[in-house]
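The values are calculated or read from the model by the stated rules, or taken from the named source; none is laboratory data. None of these values were measured; they are calculated from a predicted model. Cβ sites come from the backbone with ideal geometry, for glycine too, and all protein chains shown count toward neighbours. Note: accessible area is taken over every heavy atom of the protein model, side chains too, but ligands, DNA and RNA are not part of it. Shrake-Rupley method; radii C 1.70, N 1.55, O 1.52, S 1.80 Å.
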Amino acid sequence: MKIPNLRLLKRKSNQVILTDSVVSDMSVKEEKPSATPVEEAMTQCPKCKQEYRKIDIKENMNVCPSCGHHFVISAERRVRLLVDNGFYKPLKCKVAFSNPLDYPDYEEKIVSLQEKTGMDEAVFTCVGAIDGYDAVIVVMSSKFLMGSMGIVVGEKVTQAIEYADRKKLPLIIFTASGGARMQEGILSLMQMAKTSAAMEKFNLNGGLYISVLTHPTTGGVSASFATLGDITLAEPGALIGFAGPRVIEQTIGQKLPEGFQRSEFQMEHGFVDQIVSRDKMRETLAQILRLHSKKGR
Amino acid sequence: MIKEIDEKITEIELEIEKLKNEEIVDEAQIYVLKRQKHDLVRMCKDLDAHDKVYLARHKKRPKITDYIDNIFEDFFEQKGDALGKEDGSIYGGIALYKGLPVTVIGHRKGNDLQENIKCNFGMPGPEGYRKALRLMKQAEKFGRPIITFIDTPGAYPGLEAETNGQSIAIATNLAKMSALKVPVIAVVTGEGSSGGALAIGVANSVLMLENAVYSILSPEGYATILWKDSSRSAEACDMMKLTAKDLYNYGVIDDIIPEPLGGAHLNPKNVYKNVDKHISKELEKLVKLNPDELAKHRYKKFRNIDSNYMNLL
Ligand SMILES: [Zn+2]
């Protein structure tokens, strides 16, 4: 039996202690904000049609208080809700925009998305502790060009995997992506091979990888690192698949059954260990990390 | 443009065949037709991306079965994923290449509709990818080099394929291929579309026929996603940079295998010879590496595949 070689330190201190120089010093704490007029505005849950103030949904981890529908949540906020006392350290990745196809207006599009989302790209990488266990945490955001994977996203994910490998830390990736980034052509496709190869190296070195599939995880991301987890979790109701439902419907010439490709469907077909709602995510991840913190023999 | 020329060439070829079979052979007329054909073929010098997509999908284009018949010997076909299904869209087995046992795997397209239905037009489901992986792991066990032939419109986007884990099957191939400890050579012979192509393409050497195409998605799919209009696929062909020359410039492929003017189907024997020559050249280089070096070489190749386009802050 292969024994995972993990250095998981349970510490009393809340502060993440990191000595590596690639990690910058920035920690943010989730504080209770007072509701702005925008947050006071009403919104309707697409699932149960119930009306809520935006702030009520926000304060419930972006989950509908009545039916449990999981709304999109920003990458950074997801991390803050997850890690001990909201402390985390972003991983530095010095990769900048590139436009290999000379795709028209692509750079402008990225710049405007950066301003709108406050993210540099569709993925956020950091190190944080969950119930005292350090982990590399990677979160994709569907708000940034549908979380599509181009060179920068692929490189950031790969560097995060390599960082976890070097530091012997467990790796947690929250996926949310429509797939490979069309605007970067073949080099986007190659990110699938690049990330999967890095993941296999991490795997062969005994690293623990927990994949958390969130809505939506499709195409080139679902067909690469998203489905390579030792443990695969999914948020309720997430769309998970290789081909999108519309493409499948066109291919087979009929409507797809209700719930097809959703988290529950994937679990039923053996591709997901457990479906975990957002409010249970922290404790579930902590449990998995705890169970891997000691060698099996 | 190429479509009209190619159809005209086919017409002339048929006409020549017909004349040759007549009791009194009209040599003069055959000569005239051959001249006409020659002039038409010469018009195929400067093909654009859209032309190449046409040629890459040509129904008479050499297929994996042709390559196996003409380049390899003593082929033993292996069927099935050993998990419950045989997927005809992936064809593979053991063969001798210049006396050396190798594993050959590739997408399979048929020569007619009936054959194409059997092999699902070269669009694998998860079972096909699992079968490919089974054959690759076996090749690794017995120290056989692996040669793959890529020619697919993409992984099959069907209900059953999704239900049985299309995503994880492709992902697993990408991961496991990257660490194989035997030489892997991939040849893109026709259309290499999406993850469905890459899933047997994580190789030490990636070769590509001159008129083959390799892309993130089919041009029709690309046009649909970006402009919600599949009829703009010709425009997408240019935009996508999917020709062998483009990919060579990107550093995604290692070498381009020349084709006869007008496309591989006009002179398949010449194509087999060129493909053979290129495989042999790559294999000669790779067999010098030990198992760990082979895995490292492949890992590095894909780790740095975009390095020419990696801008640092
Ligand atoms: Zn609701």
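Listed values, structure above:
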read-out: Lysines with Cα under 19 Å of B:LYS176, excluding same-chain neighbours fewer than 8 positions away; value: A:LYS2, A:LYS194, A:LYS201, B:LYS131, B:LYS137, B:LYS141, B:LYS296, B:LYS300, B:LYS301
read-out: Ellipsoid semi-axes in whole angstrom, largest first, where each is sqrt(5λ) of the Cα gyration tensor of chain A; value: 27, 24, 22
read-out: Shielded by partner chains, segment A:171-186 residues - at least 30 Å² of accessible area, 1.4 Å probe, vs chain alone; value: A:MET182, A:ILE186
read-out: Amide N proximity, segment B:128-149 versus B:ASP74 label position 7 Å along Cα-to-Cβ, cut-off under 15 Å; value: B:144-145
read-out: Cα centroid separation - segment B:262-313 against segment A:186-236, whole Å; value: 25 Å
read-out: Shape call, the protein assembly as shown: gyration tensor on alpha carbons, a/c limit 1.5; value: prolate
read-out: A:ILE137, A:ILE231, reordered so the largest accessible area comes first (probe 1.4 Å); value: A:ILE231, A:ILE137
read-out: For residues of A:201-207, the mean tally of beta carbons on other chains within 10 Å; value: 2
read-out: Residue-level accessible surface for B:ASP46, protein heavy atoms, 1.4 Å, Å²; value: 130 Å²
read-out: Rounded to the nearest 10 Å², the accessible area of B:LYS60 at probe 1.4 Å; value: 120 Å²
read-out: Residue among B:LEU100, B:SER178, B:LEU289 farthest towards the positive dipole end of segment B:49-310, charges placed on Cβ; value: B:LEU289
read-out: Inter-site label distance for A:LYS49 and A:ASP131 at 7 Å from Cα along Cβ, in nm; value: 4.0 nm
read-out: Summed buried accessible surface, chains A and B, 1.4 Å probe, nearest 100 Å²; value: 4400 Å²
read-out: List A:PHE265, B:PHE76, ordered by accessible area with a 1.4 Å probe, largest first; value: B:PHE76, A:PHE265
read-out: Heavy atoms of B:ASP246: accessible area, 1.4 Å probe, square angstrom to 10; value: 40 Å²
read-out: Magnitude of the charge dipole, chain B, Cβ model with Lys/Arg +1 and Asp/Glu -1, debye to 20; value: 1300 debye
read-out: Length added when fully stretched, B:LYS288-B:GLU11, from 0.36 nm per residue minus Cα-Cα; value: 94.9 nm
read-out: Exercise: per-residue mean of other protein chain Cβ atoms within 10 Å, B:147-159; value: 3
